[in-house]
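Structure first, then comments.
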Amino acid sequence: MAIVTHNAVRQLNDVKPFKDTWKVEIKVLHSWTQHSTYSGGDSFDFILADKTGVKIHCTCERNFFSRVKKLQVGQWKFIENFSVTPATGKYRPTSHKYKMTITGSSNVTNSELKIDDDFLTLTPLQAIMNGSLDSNFLVDVIGRAIDIGELQVVQVGGKEKKMLGLTLTDTNDQHIGCCLWGRFAEQVLAAYKDGEENNILLQITNAFEISSMIINPTGFDVEDYAAQ
């Protein structure tokens, strides 16, 4: 049974490994299932943000999946009683120095907070091209799609995969090559064929092997970026 306490709600920048009775109020930005052959099996992973925009990676082993069934993308929740460990390794989805882990004592409850912000942290294309970024971290980008190529079918690991090459350009006239796979390739090609070839804005956010893509996104962060 989950333990519910009267701990004060803290911001994500405050959580540290010295205890496991933290309580935070967060928005679920992204979720995915991570398959593994190691002990513990599959995990359910999340990108969470607090109202200040600080983001953290949260993971839950299969044994505790029932603890996180209330965590739905786009919703605000309270999470109480979880462990905190250093975030290490490659392909880290946030820059937070720690990672949250759901335990048998974790509890998720509803929050009445309503903030529609997606808390994007957009990376300039120039920063990607000049090699100044730490390659251990995944990044989010936005850019206009140009030079859209033909849909190709290639062999990857013995399976056929659809691939689409294009160029992303930003408001500073920086250009970088981009390769889209599977359904992302099909979605962009469909928009291109629908006559939107001069007005395809792509927002790509990443979390390990699971990316998300929005064509012509709306929202404060995107509009502010595009206006620079």
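The values are calculated or read from the model by the stated rules, or taken from the named source; none is laboratory data. A quick note: this is a predicted structure, and the numbers were derived from the prediction, not measured. Glycine gets a Cβ as well: all are built from the backbone with ideal geometry, and neighbour counts include every protein chain shown.
Brief remarks follow.
- As a summary of the residue check, D194 satisfies the conditions (1) in contact with a Cys (Cβ under 8 Å, 6 or more places away or on another chain); (2) without any contact (Cβ under 8 Å) to a residue 12 or more places away in the chain except for the one numbered (1).
- Failed condition for G89, given (1) over 12 Å from K27 (Cα atoms); (2) crowded, with 18+ Cβ neighbours inside 10 Å: (2)
- Restricting attention to region 148-164, the residues that are at pLDDT below 90 and surrounded by 13 or more Cβ atoms within 10 Å (Cβ to Cβ) add up to 0.
- Answer from V24, V9, V15 - the residue that is within 19 Å of D118 (Cα to Cα), of a type in the set (A, V, I, L, M, F, W, C), over 16 Å from the mean Cα position of the chain (by Cα) and at pLDDT 90 or above: V24
- Among the candidates T205, T167, the residue that is at pLDDT 90 or above and in a strand (DSSP E or B) is uniquely T167.
- Check on K193, among the basic types (K, R), more than 30 Å from G89 (Cα to Cα) and out of contact with any strand residue (DSSP E or B) (no Cβ under 7 Å at 6 or more places or on another chain): yes
- Inter-residue pairs, beta-carbon under 8 Å, first outside the structural domain of D173 (by TED's automatic domain parsing) and on the phi < 0 side of the Ramachandran plot and in region 145-163, second in a strand (DSSP E or B) and of a type in the set (G, A, S), 6+ apart: none
- Top-ranked residue of region 119-134 - restricted to ones that are part of a loop (DSSP other than H, G, I, E, B) and of a type in the set (V, I, T), ranked as surrounded by the most Cβ atoms within 10 Å (Cβ to Cβ): T123
- Restricting D20, D14, D42 to those that are touching a residue at least 24 places away in the same chain (Cβ under 8 Å) and acidic (D, E) reduces the list to D20.
- Residue among K27, K51, K77 that is part of a loop (DSSP other than H, G, I, E, B), touching a Lys or Arg at 6+ places or on another chain (Cβ under 9 Å), of a type in the set (K, R) and surrounded by 13 or more Cβ atoms within 10 Å (Cβ to Cβ): K51
- Pairing each residue of region 54-75 that is farther than 12 Å from S43 by Cα with any residue that is among the hydrophobic types (A, V, I, L, M, F, W, C) and in a loop (DSSP other than H, G, I, E, B), provided the two are 6+ apart or on different chains, yields C-beta distances under 8 Å for K55/F119; I56/V15; H57/A87; R67/A2.
- Summed over region 92-118, the residues that are surrounded by 18 or more Cβ atoms within 10 Å (Cβ to Cβ), aliphatic (A, V, I, L, M) and assigned to a loop (DSSP other than H, G, I, E, B) give a count of 0.
- Evaluation of R62 against (1) more than 27 Å from T169 (Cα to Cα); (2) at pLDDT 90 or above; (3) surrounded by fewer than 20 Cβ atoms within 10 Å (Cβ to Cβ); (4) over 18 Å from the mean Cα position of the chain (by Cα) (one fails), failing number: (2)
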